[in-house]
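What follows is a single structure, written as structure tokens, with notes after it.
The values are calculated or read from the model by the stated rules, or taken from the named source; none is laboratory data. Only a predicted model underlies this, so the values are computations on that prediction, with no experimental measurement involved. Neighbour counts are summed over all protein chains in view; Cβ atoms, including those assigned to glycine, are modelled from backbone coordinates with ideal geometry.
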């Protein structure tokens, strides 16, 4: 087993193993996968597990000699060790079950993890994919973040004043919609373009005209938190994935060892992204 996914443990000869789901979800675990991880923790580790912010599970206190056996167990259940050191961290995506998904990002996370899970980079690199502006996976504080957007329009279909779009529990969470005598009014300054209103509008007065994706770069948490900067907006998920690949390649060619994307922006500005 490679060093990817292995964190030095507190006891000699013991490590913490970081596990992620490769199939079928990458951003979620099946009940069967959770059972396999529980068995590994009981038989080879401390009997406990830890869920990380990057949607992986850590099993502590595993003997180094047991790693080859565990690797075979993981491979047979769509699981893999990984996401440590200079390897690309597990690409996190919001839940596919969320009502507010403009565009479910689980598929995009699966593609990136399949293509890039063994990619080494100059420094720690997190990629987060959010299906709406609520950004539950912290796309604004990741090295690269993507937020899906909906372009909302009012159609010619008259509003029936049903009030579903403004009342709890389904009403606009950003308080961007009000009902007037003339019908529905959308405050564009408050609207976060989640598109949820279009799904509950029974007469079809509100609709999604198109979807697009904001690309943020240079964020991070830790002891020196930094908010990511908006780099650009692209019209499709395919364009977002292609751009992420180009950003990583450019970052790899320019950054010094240990330098994160935000550090490179501080040193060289945003110009290298434009190139």
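Within the stretch 218-228, identify whether any single residue is within 14 Å of residue 272 (Cα to Cα) and touching a helix residue (DSSP H, G or I) at 6+ places or on another chain (Cβ under 6 Å), and answer yes or no.
yes
Being surrounded by fewer than 24 Cβ atoms within 10 Å (Cβ to Cβ), in contact with a strand residue (DSSP E or B) (Cβ under 8 Å, 6 or more places away or on another chain) and closer than 21 Å to residue 51 by Cα is the filter here; which residues of the stretch 90-109 pass it?
Within the stretch 90-109, 106 is the sole residue that qualifies.
Would the stretch 50-58 turn up any residue that is surrounded by 15 or more Cβ atoms within 10 Å (Cβ to Cβ) and over 19 Å from the mean Cα position of the chain (by Cα)?
No, the stretch 50-58 contains no residue that is surrounded by 15 or more Cβ atoms within 10 Å (Cβ to Cβ) and over 19 Å from the mean Cα position of the chain (by Cα).
Of all residues being part of a loop (DSSP other than H, G, I, E, B) and in contact with a strand residue (DSSP E or B) (Cβ under 9 Å, 6 or more places away or on another chain) in the stretch 164-187, which is farthest from residue 202 (Cα to Cα)? Just the residue, please.
187
Would you point out which residue out of 151, 129 is in a strand (DSSP E or B) and buried (at least 24 other Cβ atoms within 10 Å of the Cβ)?
Only one candidate passes the filter, namely 129.
Are any of the residues in the stretch 145-164 touching a helix residue (DSSP H, G or I) at 6+ places or on another chain (Cβ under 8 Å), at pLDDT 95 or above, farther than 29 Å from residue 261 by Cβ and not assigned by TED's automatic domain parsing to the domain that holds residue 254?
No, every residue in the stretch 145-164 fails to be touching a helix residue (DSSP H, G or I) at 6+ places or on another chain (Cβ under 8 Å), at pLDDT 95 or above, farther than 29 Å from residue 261 by Cβ and not assigned by TED's automatic domain parsing to the domain that holds residue 254.
Is one or more of the residues making up the stretch 110-117 crowded, with 24+ Cβ neighbours inside 10 Å and under 27 Å from residue 206 (Cα atoms)?
No, the conditions are met nowhere in the stretch 110-117.
Looking at 76, 32, 45, which one is at pLDDT 95 or above, at negative phi, surrounded by fewer than 18 Cβ atoms within 10 Å (Cβ to Cβ) and not assigned by TED's automatic domain parsing to the domain that holds residue 244?
That would be 32, the only listed residue that is at pLDDT 95 or above, at negative phi, surrounded by fewer than 18 Cβ atoms within 10 Å (Cβ to Cβ) and not assigned by TED's automatic domain parsing to the domain that holds residue 244.
Residues in the stretch 231-253: is at least one modelled with pLDDT of 95 or more, over 24 Å from residue 138 (Cα atoms) and touching a helix residue (DSSP H, G or I) at 6+ places or on another chain (Cβ under 8 Å)?
Scanning the stretch 231-253 turns up no residue that is modelled with pLDDT of 95 or more, over 24 Å from residue 138 (Cα atoms) and touching a helix residue (DSSP H, G or I) at 6+ places or on another chain (Cβ under 8 Å).
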